[in-house]
Amino acid sequence: MPTAIIQARMGATRLPNKMLLHLHGYPIIEWVYRRVLQSKRLDKIIFALPDTEPDDLLAWYLESIGATVFRGSEADLVDRYYKAAKSVTAEDVVRICADNPLICSSEIDRLIDYFMQHKCDYAYNHIPRNNRCPDGLGAEICRMELLEEIHAKTSKPEHREHLFNYLWDHPDQYTIETFNPPGDLAYPELKLDLDTREDYKRLVEKPYRIEMSAMEIVKTALQ
């Protein structure tokens, strides 16, 4: 079964320290963890955090709620991810961004099922790119072999700072797949991730609950 690796850090430029901002009773990072825990298709969940002092508090909080944490390079995300995956002997890797507090276990599981049933190097349903997925409910998945290849081949900063930039810059070399969600979730105009203060305000203003299903999240967002 796949391993989920959740990338998170405190040093976001547009909204610093957002991982510990509260949303309806819980820090953003706990929303992500508790919602990913509901997945029925994941074997392990591990957080990949920078090994810098500003992230010590985030690591402490995650460990206090029972999460597994790996610390690695802040600038070299590929290396951090690769070593986190190696540390738990991952085979298939699900990338989850902690900027998605409303991520849905059903959409993670839908992605994993799709990946297992189709021959591809990489699949995604976290953004509305060539599909009708909302921004922020899903994830990305690849084989460990692809992560090893990216780690070995890439040297440019733009390919080390983001996990799959190398793959997207060489689409002719890889099989990239996506798919549409069920009709009641097909709202590609919805932005449910957290990048800016305006995003945070929008999330706070809606009555989201941490146990909500994907359909309930979408209905609430559309209100």
Largest-first ranking of VAL88, VAL32 by accessible area, probe 1.4 Å, whole protein assembly kept, is VAL88, VAL32
The base-10 log of I(q)/I(0) that the Debye equation returns for region 26-117 at q = 0.15, 0.20, 0.21 Å⁻¹, one scatterer per C-alpha, is -0.59, -1.05, -1.15
Taking 42-49, 155-162, 168-175 and ranking on average Cβ neighbours within 10 Å, highest first, one gets 42-49, 155-162, 168-175
Calculated from DSSP helices alone, with each H run of at least 4 adding -39500 (n - 2.57) and the total divided by the residues of the chain, [θ]222 nm to the nearest 500 comes to -10000 deg cm²/dmol
Within the set CYS133, CYS120, CYS142, GNM on the chain using Cα springs under 10 Å gives the largest fluctuation to CYS120
Unit-weight point scatterers at every alpha-carbon of the chain, Debye formula, q = 0.15, 0.18 1/Å: log10 I(q)/I(0) is -0.99, -1.46
Taking max minus min of the Cα coordinates of region 1-59 on each principal axis, largest first, gives extents in Å of 34, 28, 18
Taking protein heavy atoms only, a 1.4 Å probe, and rounding to whole percent, the accessible area of the chain owed to carbon and sulfur comes out at 48
XL table LYS119/LYS206; LYS86/LYS156; LYS40/LYS206; LYS119/LYS153; Cα-Cα > 30 Å flagged, in table order, is LYS119/LYS206
Computed from every Cα-Cα pair in region 109-153, P(r) in 5 Å bins starting at 0 and rounded to whole percents is 5, 21, 25, 23, 16, 8, 1
Rounded to the nearest 10 Å², the 1.4 Å probe accessible area of LEU77 is 10
Once GLU158 and HIS22 are pulled to full extension, the length gained, defined as 0.36 nm per residue separation minus their Cα-Cα distance, is 45.8 nm
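The values are calculated or read from the model by the stated rules, or taken from the named source; none is laboratory data. These figures come from a predicted structure and were not determined experimentally. In this analysis, Cβ positions are derived from the backbone assuming ideal geometry, glycine residues included, and neighbour counts consider all displayed protein chains. Just the protein is used for accessible areas: all its heavy atoms, side chains included, with ligands, DNA and RNA removed. Shrake-Rupley method; radii C 1.70, N 1.55, O 1.52, S 1.80 Å.
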